[in-house]
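Data block below; observations after.
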Amino acid sequence: MPLTSDDDIRTLLQETRTIAMIGASDRPDRPSYGVMKVLQDHGYRVIPVNPQITGEHVHGEFVWRALSQLGDPIDLVDIFRNSAAAGDAVDQAIAAGAKAVWMQLGVINEDAAVRAEAAGLKVVMDRCPAIELRRLDVAGPA
């Protein structure tokens, strides 16, 4: 069952330190660009992943082509992809040993959520961590 209670979401946000953002953008007009900055401002390390802008930097972080290239442990994978593409992102998160996946607003993939939970990952769907940080008054990592 995806996390839906305020307490569960607050705990996940407090326990998270490193976030990989699949679908990160280097364009200031894209939602992922702003969300990445909010997360960084709250103390998270956010690693952008996007095969279309590899080799560039977004908010000071190198953009990787694939989650499998990261050498650092990932607490949470924030998915800025459409619902159909979220399944592949979830499979990458499972393979990378992430602890949780977070599907952004409007992103719902029940099959992917079931696979993630079966692999032991926590799941959040159809929410934005930047919005939840503010709504739940979470300062960032505990």
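The values are calculated or read from the model by the stated rules, or taken from the named source; none is laboratory data. In this text the structure is predicted, and so the values were computed from the model without any measurement. All Cβ positions, glycine included, derive from the backbone under ideal geometry; neighbour counts span all protein chains shown.
Some points to look at:
- Extreme residue, farthest from D6 (Cα to Cα), among residues of the stretch 113-142 that are of a type in the set (D, E) and part of a loop (DSSP other than H, G, I, E, B): D126
- Subset tally (residues that are under 18 Å from I9 (Cα atoms), surrounded by fewer than 21 Cβ atoms within 10 Å (Cβ to Cβ) and touching a residue at least 24 places away in the same chain (Cβ under 8 Å)) for the stretch 113-122: 2
- Top-ranked residue of the stretch 63-112 - restricted to ones that are small (G, A, S) and outside any helix (DSSP H, G or I), ranked as surrounded by the fewest Cβ atoms within 10 Å (Cβ to Cβ): G71
- Any hit, the stretch 27-34, residues being part of a helix (DSSP H, G or I) and surrounded by 16 or more Cβ atoms within 10 Å (Cβ to Cβ): yes
- Evaluated against (1) surrounded by fewer than 20 Cβ atoms within 10 Å (Cβ to Cβ); (2) modelled with pLDDT of 95 or more, T54 falls short on exactly one condition, (2).
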